[in-house]
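Report on one structure; see the data block that follows.
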2 protein chains.
Amino acid sequence: MALSVKLIRLGAASLVAGTLFSGAALAEPARIPEQALPVARQLQQKALAGSGAFQIVESLSTEVGPRMFGTPGDAAAVAWAVAKLKELGFDKVWTEPVAYPGWVRGTERATVTAPFPQPLHVTALGYTLPTPPGGVEAEIVRFASYEDMLDAAPDSLAGKIVFIAQPMVRHIEGLGYGHAVAMRGDGPIEAAKRGAAALLIRSVGTDHHRFPHTGVTEHDEGVPRIPAAALSVPDAEQLERLLARGKPVTVKLELTPEFPGPTQSFNVIGEVRGREAPEEVVVLGAHLDSWDLGTGAVDDGAGVAIVTAAAKLIRDLPQRPRRTVRVVLFAAEEIGLVGAKAYAEAHKGEMARHVIGVEADFGAGPVYAFNSTANPAADEALKVIRRALSPLNVVPGGEKASGGPDVGILRRAGMPVVDLELDGTDYFDVHHTADDTLDKVDPKKIDQATAAFATFAYLAAESTGSFGPIEIPPAKQ
Amino acid sequence: MALSVKLIRLGAASLVAGTLFSGAALAEPARIPEQALPVARQLQQKALAGSGAFQIVESLSTEVGPRMFGTPGDAAAVAWAVAKLKELGFDKVWTEPVAYPGWVRGTERATVTAPFPQPLHVTALGYTLPTPPGGVEAEIVRFASYEDMLDAAPDSLAGKIVFIAQPMVRHIEGLGYGHAVAMRGDGPIEAAKRGAAALLIRSVGTDHHRFPHTGVTEHDEGVPRIPAAALSVPDAEQLERLLARGKPVTVKLELTPEFPGPTQSFNVIGEVRGREAPEEVVVLGAHLDSWDLGTGAVDDGAGVAIVTAAAKLIRDLPQRPRRTVRVVLFAAEEIGLVGAKAYAEAHKGEMARHVIGVEADFGAGPVYAFNSTANPAADEALKVIRRALSPLNVVPGGEKASGGPDVGILRRAGMPVVDLELDGTDYFDVHHTADDTLDKVDPKKIDQATAAFATFAYLAAESTGSFGPIEIPPAKQ
């Protein structure tokens, strides 16, 4: 898509600070000097020989483990991150507060009470309500898909436990997630509108193990809230088989989560300061929090490790890059991108100096494609990056980078972004489960991913000029 | 090995009833008539086109699910089995009582309390004691192997929680199981002798998922009993990493199993009666009970399905085979082969008419080898069976058949046995875990296994003469 066409579609308010507010250097389209390429190649070779990323995710997932927002593990993770970035020799390390209401998982239990009594493995969706004392026991009404449930008439599900049996497609880019996750986010609201007493969903996951996948769910003022939980895939299939017998199936669901009220955590930020333009930053994002069930090795310990190790490799070069490489370890991503929103708010006056960003939040690698959302005028600089990534077996993608969940928030604030696409084929096997543990991280793959992130970060930090302005995505409906 | 050599090694008491007490027909070495081969081939083709085994394991694992000895699920399994065998048209179906003390799992929880607090996934070993009220909290002492722990001096582990980190080899025959399982069976006794307060073992399993593997453990009069549990493999590795930091690691373990006292279940037996010699039986064994954690689809729902479907295929032939095919669904295998011992006791007067037996208790197939423990004089009959199995891609094995856990008890009582070796490469990924569910059973593989069992059972039931006498294995030390 040509720039002119893009700009015609932009409202004036969307034209970003990049070209309007900053110095002359930022008014030019981005360029990367030729002499940066051999250095990028050295970084890659060093990373592939042992990037240090595995040691970082090993440390975080072992010495901290589960670190859900607001829990003691989360506080331990913040302390760990500050200490780790300092230990690795980052030039500047600091924290920024992030506030949000807390939620703490309790007991979670589901039992088929008729016709064939047996336990089911479930987990409460994040921020769901507890069941009433003694639990909810009711007949199951099954829908093959979320859309099928939306077709049900208001009050038609009165007093029932709704079960949505929608499966999830396995796909390298996670194509199936966006399709399946709607039932997790909005399912409880829509089921409640139709009178349901509780909601059970088939886990939004691609494995066939007995791990239910948690994840945050929404609520809506004006709609009564109902408890909601996910069944593991084998348990969802078991419930389908039980229902296929044609007799009414009743389930008892017990959830006892608690809402401890206002809660705080911190974004942890570390910089390798630029030698010429230290106030101009290349953002490497990942999130420090995890769900409570696993040790968060894959989601997102791997991302923390990739961006931290990439920056550390750059820090260890004979000289600092021209611009600053800023690692932002976001708080409270899992519960609603809360840390990214806090960062965007805290730094809104400096968005023009956020030159470009990337995020690692899709597992432990490898990286297989490079996409960008930048101004077409910056394409010469992006070409240099594409060329440098090619020996890592990274294919040039298109102009469709999202920035990822957290860095995508900064894209909405006008920051150009790239995606170093991580292979997500197996990602949703362990995502948001107890099975997200270190043994799922392959040291060789995470080294390759770190090599790709270091390559991009270094070349972007050696650049001059701007990768923007970019088209701001339309606000979510 | 020649017969003469074998017989020289036999004590007179070991010479089995086969040739001594039964009719003239049983005094001759076994023979299988040529005309049985085309019928065996038809059975195979029918089995491969859809043996019915998958439907049987689907039914058992769905309509009953977990069925640990003495639980309501176990009673439901007995009722299910009686109804299923009758529904399938077996000529005779009955039950025989099996008594043993009960054990019921309670809460099971382990937490690292220092230096990096976090939960660990554990499960109590079967028949272990509860921890004292409030749990046991103590420092961990790690041993790389069970043998290393045996080297520790008496009382040297006073007050500690012993952790045995021994891994298990993946192997088609389950080679790693025998090696690793000693720490589960005798570990609590040996740890207690050395003063330990509790025992944690790395699960006897080959997966890397967060499922601890249960299994029965022993005790010894005169040695104090201590609580014992298994860590999932990822949790065992996490504990290793925590210990590798060099600081003392403390864990709190809470287990609340109960001992409900004398408990009863039933072996369920069904026969396809022989047309000429109905009192001479070919035994097809599997066990009906399962551990409580999963739905027992693989262990041993698959075995129940294979032997039941194989007998049903034979039952559906235009005429009954010469001898009886007897399916024995043993009770209480998991907790110590209790049902098989009860069967051997109840039928000890008829052992001479137990012509030969086989067991399915190593997953859902395929079958890849055929071994026998029979008298070399019967080799001509075995050759016919080997030849008939060959198109199923079953390789002739050696003279080393064990009979399997339950049917092995009958071998000790003098019954010749064969092993239709099931591919156990992945078996210990789910064995004794919550993840033992129907999705782990491949319909095509279980059809092949059923074809092999039907082939053997039919040809053995068409045989005349004896597969014995056999050498009785020496008693266990």
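The values are calculated or read from the model by the stated rules, or taken from the named source; none is laboratory data. This structure is a prediction, so every number in the text was calculated from the model and none was measured. Positions of Cβ are backbone-derived with ideal geometry, glycine not excepted, and every protein chain shown enters the neighbour counts. Keep in mind that these areas ignore ligands, DNA and RNA; they rest on the heavy atoms of the full protein, side chains included. Shrake-Rupley method; radii C 1.70, N 1.55, O 1.52, S 1.80 Å.
Against the definition (under 18 Å from residue B:174 (Cα atoms), open to solvent by less than 10 Å² (accessible area, probe 1.4 Å) and not polar (S, T, N, Q)), how does residue B:403 come out, yes or no? Here the answer is yes, as residue B:403 does meet what is asked. Applying the condition of being charged (D, E, K, R) and free of Cβ contacts under 8 Å to residues at least 60 places away in the same chain to region B:377-409 and asking which residue is farthest from residue B:31 (Cα to Cα) yields B:400. Reported count of residues in region A:144-171, each being modelled with pLDDT of 95 or more, open to solvent by 50 Å² or more (accessible area, probe 1.4 Å) and part of a loop (DSSP other than H, G, I, E, B), is 7.
Matching residues to (1) without any contact (Cβ under 8 Å) to a residue 24 or more places away in the chain; (2) touching a Ser or Thr at 6+ places or on another chain (Cβ under 8 Å):
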| site | (1), (2) |
| --- | --- |
| B:288 | no, no |
| B:295 | no, yes |
| B:302 | no, no |
| B:312 | no, no |
| B:318 | yes, no |
| B:337 | no, no |
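Just one of the listed residues (B:105, B:109) is within 18 Å of residue B:230 (Cβ to Cβ), in contact (Cβ under 8 Å) with a residue 60 or more places away in the chain and open to solvent by 50 Å² or more (accessible area, probe 1.4 Å), namely B:109. Here region A:121-138 is the region considered, the condition is being in contact with a helix residue (DSSP H, G or I) (Cβ under 9 Å, 6 or more places away or on another chain) and assigned to a loop (DSSP other than H, G, I, E, B), and the residue that is nearest to the other protein chains (Cβ to nearest Cβ) is A:121. A count restricted to region B:255-290 and to residues that are within 30 Å of residue A:62 (Cβ to Cβ) and crowded, with 22+ Cβ neighbours inside 10 Å stands at 1. Of all the listed residues (A:255, A:329), the sole one being under 16 Å from the mean Cα position of the chain (by Cα) and touching a residue at least 24 places away in the same chain (Cβ under 8 Å) is A:329.
In this structure, does residue A:325 turn out to be in contact with a Lys or Arg (Cβ under 6 Å, 6 or more places away or on another chain) and not charged (D, E, K, R)? So residue A:325 does not fit the description; no. A single entry from A:82, A:93, A:98 fulfils the requirement of being part of a helix (DSSP H, G or I) and of a type in the set (A, V, I, L, M, F, W, C): A:82. Taken together, the criteria exclude residue A:220 from residues that are acidic (Asp, Glu) and farther than 24 Å from residue A:140 by Cα. Within region B:293-330, restricting attention to residues that are more than 24 Å from residue A:238 (Cα to Cα) and assigned to a loop (DSSP other than H, G, I, E, B), the residue that is most open to solvent (accessible area, probe 1.4 Å) is B:318. Applying the criterion of being out of contact with any helix residue (DSSP H, G or I) (no Cβ under 6 Å at 6 or more places or on another chain) and of a type in the set (A, V, I, L, M) to the residues of region A:395-409, the residue that is nearest to residue A:290 (Cα to Cα) is A:407.
Conditions tested, residue by residue: (1) more than 21 Å from residue B:464 (Cα to Cα); (2) open to solvent by 10 Å² or more (accessible area, probe 1.4 Å).
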{"site": "B:361", "(1), (2)": "yes, yes"}
{"site": "B:373", "(1), (2)": "no, yes"}
{"site": "B:382", "(1), (2)": "no, no"}
{"site": "B:385", "(1), (2)": "no, no"}
{"site": "B:398", "(1), (2)": "yes, yes"}
{"site": "B:407", "(1), (2)": "yes, no"}
{"site": "B:417", "(1), (2)": "no, no"}
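Within region A:65-87, residues that are closer than 18 Å to residue A:299 by Cβ and of a type in the set (Gly, Ala, Ser) reach partners that are open to solvent by 30 Å² or more (accessible area, probe 1.4 Å) and in a loop (DSSP other than H, G, I, E, B) with beta carbons closer than 7 Å, at six or more positions or on different chains, in the pairs A:65/B:116. When you check residue A:413 against the structure, is it more than 29 Å from residue B:208 (Cβ to Cβ) and open to solvent by 10 Å² or more (accessible area, probe 1.4 Å), yes or no? Taking the combined requirement at face value, the residue satisfies it. For region A:52-81, the set of residues classified as of a type in the set (Gly, Ala, Ser) and open to solvent by 10 Å² or more (accessible area, probe 1.4 Å) consists of A:52, A:70, A:73, A:75, A:76, A:79, listed by residue number. Note on region B:61-70: among residues that are in contact with a helix residue (DSSP H, G or I) (Cβ under 9 Å, 6 or more places away or on another chain) and assigned to a loop (DSSP other than H, G, I, E, B), the one that is farthest from the other protein chains (Cβ to nearest Cβ) is B:69. Note on region A:432-472: residues that are of a type outside the set (Val, Ile, Thr), farther than 23 Å from residue B:240 by Cα, open to solvent by less than 20 Å² (accessible area, probe 1.4 Å) and under 22 Å from the mean Cα position of the chain (by Cα) amount to 9. Close contacts from region B:423-452, counting a first residue that is at pLDDT below 95 and a second that is among the acidic types (Asp, Glu) and open to solvent by 40 Å² or more (accessible area, probe 1.4 Å), with Cβ to Cβ under 8 Å and a gap of 6+ residues or different chains, come to none at all. For region A:348-366, the criterion of being farther than 27 Å from residue A:266 by Cα and either in contact with a strand residue (DSSP E or B) (Cβ under 7 Å, 6 or more places away or on another chain) or not charged (D, E, K, R) (or both) is met by at least one residue. Run down A:327, A:307, A:298 and say which single residue is within 14 Å of another protein chain (Cβ to nearest Cβ) and not aromatic (Phe, Trp, Tyr). On inspection, the qualifying residue turns out to be A:298.
For the condition at pLDDT 95 or above, more than 14 Å from every other protein chain (Cβ to nearest Cβ) and outside any loop (DSSP other than H, G, I, E, B), residue A:58 does not qualify. Which of the residues spanning region B:257-301 are within 30 Å of residue B:135 (Cβ to Cβ) and aliphatic (A, V, I, L, M)? Matches in region B:257-301: B:293 only.
Among the residues examined, residue A:141 does not qualify as under 29 Å from residue B:207 (Cβ atoms), open to solvent by less than 40 Å² (accessible area, probe 1.4 Å) and outside any helix (DSSP H, G or I).
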